[in-house]
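These notes are about the structure you will find just below.
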Amino acid sequence: MPKTLAEKVYDAHVVRSAEGEPDLLYIDLHLVHEVTSPQAFDGLRAAGRTVRHPELTMATEDHNVPTLDILKPIADPVSRAQVEALRRNAAEFGIRLAPMGDRDQGIVHVIGPQLGLTQPGMTIVCGDSHTSTHGAFGALAFGIGTSEVEHVLATQTLPQYRPKQMAVTVDGELPEGVSAKDVILAVIAKIGTNGAAGHVIEYRGSAIEALSMEARMTICNMSIEAGARAGLIAPDQTTFDFLQGRPHAPQGADWDAAVEHWRSLRTDEGAVFDTEVVLDAAQLSPFVTWGTNPGQGLPLTERVPDPADFADENERRAAEQALAYMGLEPGTPLREIEVDTVFLGSCTNGRIEDLRVAADLLRGKKVDPGTRMLVVPGSVGVKLQAEAEGLDQVFVEAGAEWRGAGCSMCLGMNPDQLQPGERSASTSNRNFQGRQGKGGRTHLVSPSVAAATALTGRLTAPADLIGA
Amino acid sequence: MDAFTTHTGTAAPLRRSAVDTDQIIPAEYLKRITRTGFEDGLFVAWRTNEPDFVLNRPEYADASVLVAGPDFGTGSSREHAVWALLDGGFRVVISSRFADIFKNNSTKSGLLTVTLPQEQVEALWAAIEADPATPVTVDLQSKTVTYGATTVPFEVEDYIRWRLLEGLDDVGLTERHLADIEAYEARRPSWLPRALPVLGG
């Protein structure tokens with residue numbers, strides 16, 4: 001029977017299958033960070049268990065880490081205690097940890113691919129919903145809770161129910177200035193913030209195939225914002241070229257064997273998807289969210305919607321609540337919304353290509369004097385590469401702040417936060433109420449819209465800058 | 001994990017859709033390394049900023065069943081959201097649709113998530129708004145929700161139901177299949193990556 005890519009990867013990892021029970025799935029790589037793991041390690045200790053495969057486990061510090069003074073102890077005692085707990089647990093259980101200051105440290109979803117630990121056809125989990133990022137390599141990668149973290153540590157497996165299959169096909173050529181972030185925001189707006197519940201999404205079509213690995217990671221990263229259990233893209237030459245030569249990629253004869261296997265990781269002709277969504281790349285334009293979930297987005301050329309125009313009562317109420325929180329009036333052109341802060345970074349858009357795109361727009365220009373711009377590389381590796389390319393100088397000369405690596409302003413767990421009422425244009429993944437700090441208001445955008453917005457102080461597409 | 005068989009309590013109507021786990025418990029509360037004591041963070045922004053928020057109203061202060069709008073628990077995988085609801089006195093959440101990770105996490109800690117059609121949720125909202133003291137019984141044995149003269153059935157996977165009824169943890173169950181795990185490991189390709197030893201540099 002023809003199978004989808006996700007079904008192939010899933011089936012290849014079934015350890016045990018029994019009628020009326022979830023399948024037991026083998027996990028090839030377990031990524032760990034400080035926030036969702038301490039209670040799992042406590043559980044192991046309480047039960048007298050060990051980590052079954054420390055060598056299939058990799059830990060980093062990312063959510064709590066300050067992006068300034070990174071070589072000093074963390075000032076916040078609660079954050080510091082959490083990071084120290086991870087250090088103790090990693091040492092006790094023999095797990096590799098990339099701590100603050102280490103050359104491999106960074107956001108968990110940036111370092112996996114960077115080290116070559118993320119490879120096609122693998123199952124990858126992490127106590128973090130943006131684990132879907134790794135699906136860009138044709139891996140089945142998904143976020144789990146702390147109880148499941150403990151389960152994977154103890155057994156290297158996870159009980160799972162077979163997901164439904166969704167195809168999101170994007171054919172055609174993306175217009176100039178339209179990026180992967182705009183594609184995924186448009187997808188989420190179309191299917192809704194939980195519209196892909198129960199499904200794994202496979203992104204396919206000529207527009208997807210044309211994307212770089214960084215761009216594919218941006219798309220897969222936000223699969224969870226449509227409610228999907230995972231999102232993936234079939235591996236191809238772009239994938240192999242990205243991986244070859246990375247520290248943990250196969251070498252020599254192993255490389256050839258791996259590539260031969262990876263080439264078979266494609267959805268078979270005639271495989272059936274439970275749900276299909278189609279987008280025309282040529283019709284897409286820079287996208288921005290206006291509300292408080294990632295599904296509440298529109299093209300930047302549009303206006304703030306009127307809740308009265310929503311037919312569904314729940315959607316209408318959600319729009320009313322969102323506009324009240326966001327401090328927006330229906331009918332306001334999105335391009336007239338002024339922002340206080342621009343955040344470029346996160347596991348969605350904190351990779352080298354994202355920084356290059358933004359630097360190209362900022363080069364030789366100045367950030368609007370009323371606007372603060374934070375540029376936060378997703379990892380130490382990205383930071384060093386950007387500095388080697390002189391991008392840090394471009395940002396600093398434009399008046400932006402160049403920071404150390406971490407999750408930063410994506411979520412309110414470290415010192416980088418919005419103040420109550422402040423408004424941001426952010427390349428991160430969530431515009432939930434208070435996500436970037438208590439009372440903060442978030443508009444999700446692409447790196448190029450973020451850079452253009454930093455120059456004008458209001459939501460701006462790169463094309464709007466021409467002649468400005 | 002505490003077993004769940006049946007629960008009777010009053011219910012609070014949360015008329016909001018797509019309640020994300022950042023609202024259930026904001027990130028700043030996730031810095032703690034304990035598994036309990038998260039009740040102070042439960043819906044803290046809404047409890048602080050909205051005086052008429054449903055859980056601020058005395059008639060719903062003791063509710064142990066939360067009846068929410070569609071798409072409850074979206075966003076972050078934080079299991080702390082489940083812990084905070086349990087710590088805040090809730091044993092059951094009812095919604096027409098849950099986010100997958102939240103629903104999965106709830107089964108690991110003994111919080112029951114019950115999926116009902118939206119019209120049943122609306123009817124339950126009407127009943128508990130008309131009389132906040134209405135007892136609501138959620139029976140996992142018979143897979144029913146009962147309030148007043150109304151009884152509605154709900155679906156739950158037999159395996160998950162069994163685990164909840166028995167209060168069983170997954171790790172112990174999986175360890176019974178160690179031989180299957182070892183057999184699988186013996187056939188994994190040798191070129192699959194390992195994080196140790198550290199390579200490159």
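The values are calculated or read from the model by the stated rules, or taken from the named source; none is laboratory data. The shown structure was predicted, so the numbers you read here are calculated from the model rather than taken from an experiment. For neighbour counting, all protein chains shown are included, and Cβ atoms are generated from backbone atoms with ideal geometry for every residue, glycine included. Accessible surface areas use protein heavy atoms only, side chains included; no ligands, DNA or RNA. Shrake-Rupley method; radii C 1.70, N 1.55, O 1.52, S 1.80 Å.
Brief remarks on what is shown
- Principal axis box of chain A, alpha-carbon based, largest edge first, Å: 58, 55, 46
- Reducing the range A:175-193 and the range A:290-363 to their Cα centroids gives an inter-centroid distance of 12 Å.
- Taken over the range A:230-361, the ratio of Cα radius of gyration to 2.2 N^0.38 Å equals 1.52.
- Span per principal axis, largest first, for the Cα atoms of the range A:315-468 (Å): 49, 39, 24
- Cα-based reach from A:Lys164 at 23 Å (exclusive), listing lysines while leaving out same-chain residues under 8 positions away: A:Lys3, A:Lys8, A:Lys190, B:Lys103, B:Lys108
- Antiparallel bridge percentage (DSSP; both residues within chain B; nearest 5): 50
- Counting Cα-Cα pairs of the range A:382-464 in 5 Å increments starting at 0 gives whole-percent bin shares of 3, 15, 19, 23, 23, 13, 4, 0.
- Calculated log₁₀ intensity ratio I(q)/I(0) where the Debye formula runs over C-alpha points of the range B:15-136, q = 0.11, 0.12, 0.19 Å⁻¹: -0.33, -0.40, -1.06
- Set against the 2.2 N^0.38 Å expectation for a compact globular protein, the range B:89-201 has a Cα radius of gyration ratio of 1.59.
- With all protein chains in place and ligands, DNA and RNA left out, the 1.4 Å accessible area ranks A:Lys366, A:Lys181, B:Lys31, A:Lys383 as A:Lys366, A:Lys383, B:Lys31, A:Lys181, largest first.
- Kirkwood Rh, angstrom, the range A:97-172 [1 / mean 1/r, Cα pairs]: 14.0
- Unit charges on C-beta of K, R, D, E only; dipole of the range A:27-99, Debye: 240
- Prolate/oblate/rounded call for the range A:159-255, Cα gyration tensor, a/c under 1.5 rounded: oblate
- Helical content of chain A, expressed as a calculated mean residue ellipticity at 222 nm, amounts to -9500 deg cm²/dmol (DSSP H runs of 4 or more residues, -39,500 (n - 2.57) each, divided by residue number, nearest 500).
- Share of carbon and sulfur in the accessible heavy-atom surface of chain B [1.4 Å probe, %]: 50
- Rg/Rh (Cα only; Kirkwood hydrodynamic radius) as it applies to the range A:55-119: 0.97
- Within the accessible area of the range A:136-206, the carbon and sulfur atoms contribute 48%, probe 1.4 Å, all protein chains present.
- Whole-number percent relative contact order across the range A:223-376, with pairs defined as alpha carbons under 8 Å at least 6 apart: 15
- From its DSSP helices (H runs of at least four residues, each -39,500 (n - 2.57)), chain B gives a residue-normalised ellipticity at 222 nm of -8500 deg cm²/dmol.
- Within 10 Å of the Cβ of each residue in B:12-22, the mean number of Cβ atoms contributed by other protein chains is 5.
- Gyration tensor verdict on the range A:53-191 (Cα atoms; rounded if a/c is under 1.5, prolate if a/b is larger than b/c, oblate otherwise): oblate
- Mean-position separation - Cα centroids, the range B:133-201 and the range B:1-76, in angstrom: 23
- Its relative contact order, with pairs defined as Cα atoms under 8 Å and 6+ residues apart, puts the range A:399-468 at 23 percent.
- Loop sites in the range A:1-100: GluC sites (Glu not before Pro), DSSP, at most 13 other Cβ within 10 Å: A:Glu19
- This model, with +1 at the C-beta of Lys and Arg and -1 at the C-beta of Asp and Glu, gives the range A:66-148 a dipole about its Cα centre of some 140 debye.
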